[in-house]
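Shown next, in structure tokens, is the structure this report addresses.
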Amino acid sequence: MKIVKIWDLPTRVFHWLLALTVVFAIITAKLGGNWMEWHMRLGYAVVGLLAFRLIWGVAGGHWARFKHWPLSWHAMRRYLRGTPLAGEVAGHSATGSWASVAMLVTLTAQVGTGLIADDEIASAGPLAHWVGSAASSLATGYHHEVGQLVLLVLIAMHLSAVAFYTVVKKQDLLMAMVRGYKVLPAAVTESADDVRARVVGLGLLVVLISAAVWVLY
């Protein structure tokens, strides 16, 4: 068994910031009233976080890069048969990769529709005036109903998967995303996580979140 650095610090910080931001965005939406101001700010922060993940998926640590996510049908078949290649379980597994894609797409749709939503009562997205009332109405309906439901289902699936891997498969995915290391049956390429990578990644994360909130707020 080998202990390998899989998740670089910027990826881990992104993960936990996104989790906290989304949870509080859901809570503030449920509370309504004056909390909607915070709901919108949190939504803008998610825009910055998603922009960071898009860039970091190309330029980040080895296993954070999209090209190393096992998204092919062959990788999925090997995973379901219990015979994945070492590189297909080091970072995200085949199912984990598709779940991550689904989460990123869902969050993009959720914040995108939120930016142009308008409940015609107390709150409207900062870009609502750029689209017609029909488009804004559709976006509002999706954001409040379908999008929210899909997001909650994905969150429940994610938490269930983490619990399954922890209890049944004895793989502590939670601590791996805290410390960055995973115990693997074979050595694989480690993610770069030196001072330079951390400064660049965290600096980019701060800049993009700040820019998104400043521009949209």
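The values are calculated or read from the model by the stated rules, or taken from the named source; none is laboratory data. Remember, it's a predicted structure, so these values are computed and weren't measured experimentally. Cβ atoms come from the backbone with ideal geometry, glycine included; neighbour counts cover every protein chain shown.
Observations, loosely collected:
- Of all residues in the range 143-185, those that are of a type in the set (S, T, N, Q) and closer than 17 Å to ALA102 by Cα total 2.
- The residue list GLY114, GLY87, GLY96 contains one member that is of a type outside the set (A, V, I, L, M), touching a residue at least 60 places away in the same chain (Cβ under 8 Å), closer than 19 Å to TRP69 by Cα and buried (at least 18 other Cβ atoms within 10 Å of the Cβ), which is GLY96.
- Residues satisfying the criterion are present in the range 178-186 (criterion: in a loop (DSSP other than H, G, I, E, B) and of a type outside the set (A, V, I, L, M)).
- In the range 63-76, of all residues being within 19 Å of the chain's Cα centre (by Cα) and surrounded by fewer than 21 Cβ atoms within 10 Å (Cβ to Cβ), the one that is nearest to LEU154 (Cα to Cα) corresponds to LEU71.
Yes or no, residue by residue, for (1) more than 26 Å from ASP194 (Cβ to Cβ); (2) of a type in the set (S, T, N, Q); (3) at pLDDT below 95:
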{"site": "LYS30", "(1), (2), (3)": "yes, no, yes"}
{"site": "LEU42", "(1), (2), (3)": "yes, no, no"}
{"site": "LEU54", "(1), (2), (3)": "no, no, no"}
{"site": "ALA64", "(1), (2), (3)": "no, no, no"}
{"site": "ALA75", "(1), (2), (3)": "yes, no, no"}
{"site": "ALA86", "(1), (2), (3)": "no, no, yes"}
{"site": "THR108", "(1), (2), (3)": "yes, yes, no"}
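- Scanning the range 80-98 for residues that are under 21 Å from MET1 (Cβ atoms) and of a type in the set (D, E, K, R) yields a single hit, GLU88.
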